[in-house]
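Written below as structure tokens is the structure these notes are about.
The values are calculated or read from the model by the stated rules, or taken from the named source; none is laboratory data. What you are looking at is a predicted structure, and each value in this text was computed from that prediction instead of being measured. Positions of Cβ are backbone-derived with ideal geometry, glycine not excepted, and every protein chain shown enters the neighbour counts. For accessibility, only protein heavy atoms count, side chains too; no ligands or nucleic acids. Shrake-Rupley method; radii C 1.70, N 1.55, O 1.52, S 1.80 Å.
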Amino acid sequence: MRCSVFREWPYLYAGSAAYEADYLKVYVDCPRALCVLVWDGPHCVGASTAIPLSEAPRDMQQPFIDAGMAIAQIDYFGESVLLPAYRGRGLGVRFFELREAHARELGLTECAFCAVERPPAHPLKPANHVPNDAFWQRRGYQRQARLRTSLSWPDIGESASSAKPMTFWMRTLA
């Protein structure tokens, strides 16, 4: 699922099943993590994850630590992925609602996620691309330009991983 959806712009991810298994192990091994799956009959068509930032990988924590923020109060949203045929049905909103409810149940007061930053003139950017920024802003998330990290993965057509700049978005829960 992640390999398929993240292969699209702007991630251009050429991942592997081995990497995915290792990545998802962080969520499986954390008793306070949340994993949401959407099924259409026997087919998984969507997934979303969250984990307390204090239990997330260090590359997710470091920008917050460097900014002097209390990571113990933040829930980190790993991803929301939906197959194209299932988009526009409210499932993305539902993913956010479920993850925010989970954060509240854990007593966390803030939620954060990061998104890849690609150059506006990237040669693989589709002409009709609509970024998710407006959707995220409607959910109350604000782009945090000072909170950045870098993650590595192989892009489509690359044989090795390369670093990608990631910017965090945050929301304080009511």
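Per-residue ellipticity at 222 nm from helix content only, as computed over the chain with -39500 (n - 2.57) for each DSSP H run of at least four residues, stands at -8000 deg cm²/dmol.
Remark: the chain carries 53 Å² of accessible area per residue (probe radius 1.4 Å; ligands, DNA and RNA excluded). Once divided by 2.2 N^0.38 Å, the Cα radius of gyration of the range 1-140 becomes 1.08.
Mean separation of Cα pairs under 8 Å and 6 or more residues apart, divided by the residue count, gives the chain a relative contact order of 24 percent. Separation of the range 23-40 from the range 112-161 is 22 Å, based on Cα centroids. The calculated FRET efficiency for A17 paired with R148, based on their beta-carbon distance and R0 = 30 Å, is about 0.55. Each peptide in 30-37, 57-64 receives the mean, over its residues, of other Cβ atoms within 10 Å, and ordering these scores from highest gives 57-64, 30-37.
Between L83 and A134, the FRET efficiency estimated from the beta carbon spacing at R0 = 22 angstrom works out to 0.55.
Given +1 at the Cβ of Lys and Arg, -1 at the Cβ of Asp and Glu and no other charges, the dipole of the range 1-151 around its Cα centre is 420 debye to the nearest 20. Ranking Q144, H129, T167 by how far each Cα lies toward the positive end of the dipole of the range 68-174 (charges on Cβ) leaves H129 at the top.
How much length, in nm to one decimal, is gained on full extension between W9 and H122, taken as 0.36 nm per residue of separation minus their Cα-Cα distance?
Values: separation 113, 0.36 × 113 = 40.68 nm, distance 1.01 nm.
Length difference between fully extended and current span is 39.7 nm.
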